[in-house]
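Shown next, in C-alpha cells, is the structure this report addresses.
The values are calculated or read from the model by the stated rules, or taken from the named source; none is laboratory data. Being a predicted model, the structure only gives us computed values, none of them experimental. Cβ: placed from backbone, ideal geometry, glycine included. Neighbour counts: every protein chain shown. Ligands, DNA and RNA are excluded from the accessible area calculation, which covers all protein heavy atoms including side chains. Shrake-Rupley method; radii C 1.70, N 1.55, O 1.52, S 1.80 Å.
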Amino acid sequence: MGSFKTTRFALLVTVCAIGFTCRFASGALYSKSFVRIGSTSFQGVAAAHDASTGTTLVASASTADAWAVRMFFCKISSFGSDLSGTSCSSRIVASPGEGSYMSLVVAPPVFALSSANDTSPNAPAPGVNRRAMLTVGALDGSGSVTRVGYGLGLGLGTYSFLDNSPLYDATTQQMMIPASDQSVGNLPALYRCNLGPSTGWIPSGCSHVRISTRPNSGYKPSAAILTDPVTGVRSLVVAALDYNGAINGVYLLNCTFEGNCTFIDARAGQGQDKVPSNSNIALLINPANTAAHIVVGASDKSLAMYTCPLPFNSATCSFSVIVATDASAKHSGVRAVPDPFDTRRFLAVTQDETAFIYNVRLYHCWYSGAACTFVSLPETDPALPPFSQGYGHSPVVDVAGGRVLVFTTNATTNALAALLG
C-alpha cells in the first residue's frame, strides 16, 4: 500500500480455487463466499500463508488502535468454499504510525513484516517518516515481537523506504528487501538482515545498498529468487519502473545477494510510458526457472506481461497483452502468485478504481502469454453496496486447502471480512 489516505476502509479476504477465496479443481475456479473475521476499520493489507501450520496471517493498520498494526492469525477451515469454521486471534505487533507500505513473508517458525513509519496517517511530518522497519514474531502469535527501526538502525533519512518486496532465503538465512529509496533520487535499494537459527530468529547485521545509479528508477519494485537451471547460480531478480526519461518503462536487475546488479531493459520494443508510474507491477519466475515474467497494468487499460528468458538479454524480451483493453478496468495494484496445481499458469489480482469505488478482479493466466481467464468475484457481503470491496489486496495460496485467499479492504463499513471466491 502507499501512504495513508483520509478515507478509511475495512479489511476483507476472499478465497478461491484461484481467486478471492476460490477452490482449485483440475484448473477450474469456482465455489465463492465470505466470512467476517473482525469488526473495526483498517487501512492497508499484507497477508501470508504458513503451510506448516495451516495458519494465514494478515496485517493491517487499525483505526481502532490509533493506526497501530494489528496482526490476525487465522485458521481458515475446510477444503475449498466452506469457511464456516474459520477462527482468528489477533494482537498488536507495531505501534501507531508504523504500518505504511506493509509487506509480509513467512520464515517458519516466524513471520517477518516490512513496513515504513509514518508519524501521522494523513499528514506525514517531514524529516521523520518513511523509514524502514522490520517486525519479527512467532507464527502462532505467542511471545514477544522484535522490531528493528527506524531505518533499520542504519542512519537513513526520510523517504528512504517506500514500496518494497521482501524475500526470505533459508539457505543464507537472510531477509532481503528490495525497496524504493526516494531519499536520493528515487533509486532502487536492497536492505538485508541476518535472520535464522544462527541469530536465534532475531534480526541482526542489517545493511543497505543502492542497486542502481539511475535516477527515478526505483518505482514499484517486485522481487524473486532465481536458480539458473544450467549453472545452478542463484540470483536476486528485481523488476521495477524507470522514469528517468531514457527508459520510462519496465526493466530488470539481475543481482547477487550482496547487491551487485546487471541492468536489463525489458520493454521489448514498447514505447515510453506504456506503464503508468503509479501502477504496481508483479514479478514471477516460471517454475522451470527459465524466464522472468513481469505482469503490469498498462496505460491503455489492458493487462500485459513482459517476458525475459534466460540468459537475460534485452534483445530477447517479449511483450504480450494477456487481458484486452477494457475501459471499465483500471488494472492497478497488480499482484500475482504461481498456480501450484498447474505449472503452466499463474493467478493475477488487479484493482479498479472509479470515483473511490473499488472492485477486485481475478485472472487465471498463462506463462506463455496466452489470454487470461476472468474469474468473477461476487459482491460477497449483502450489507455492502456493489463494487466497494476492493481497496488494496493481498493474495496468498493455501495449497492444502486447494484455494487462493485474497485479502482486501472495503470502502463502506467498519469490518474485517474474509471473502471466498
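Taking amide H as placed 1.01 Å from N in the peptide plane, the amide H of residue 299 sits under 5 Å from that of 275, each at least 5 places away or on another chain.
For residue 181, the shell of other residues with beta-carbons less than 12 Å away shows a net charge of +2, using +1 for Lys and Arg and -1 for Asp and Glu.
Taking amide hydrogens as placed 1.01 Å from N in the peptide plane, the amide H of residue 266 sits under 5 Å from those of 251, 252, each at least 5 positions away in sequence or on another chain. Highest mean first, the peptides 212-220, 317-325 sorted by other C-beta atoms within 10 Å per residue fall in the order 212-220, 317-325.
Summary of packing: across the peptides 43-50, 90-97, the per-residue average of other C-beta atoms within 10 Å ranks them, highest first, as 43-50, 90-97. Could you please state how large a percent of the accessible area of the range 176-222 is carbon and sulfur, counting protein chains only and using a 1.4 Å probe? C and S atoms contribute 49 percent here.
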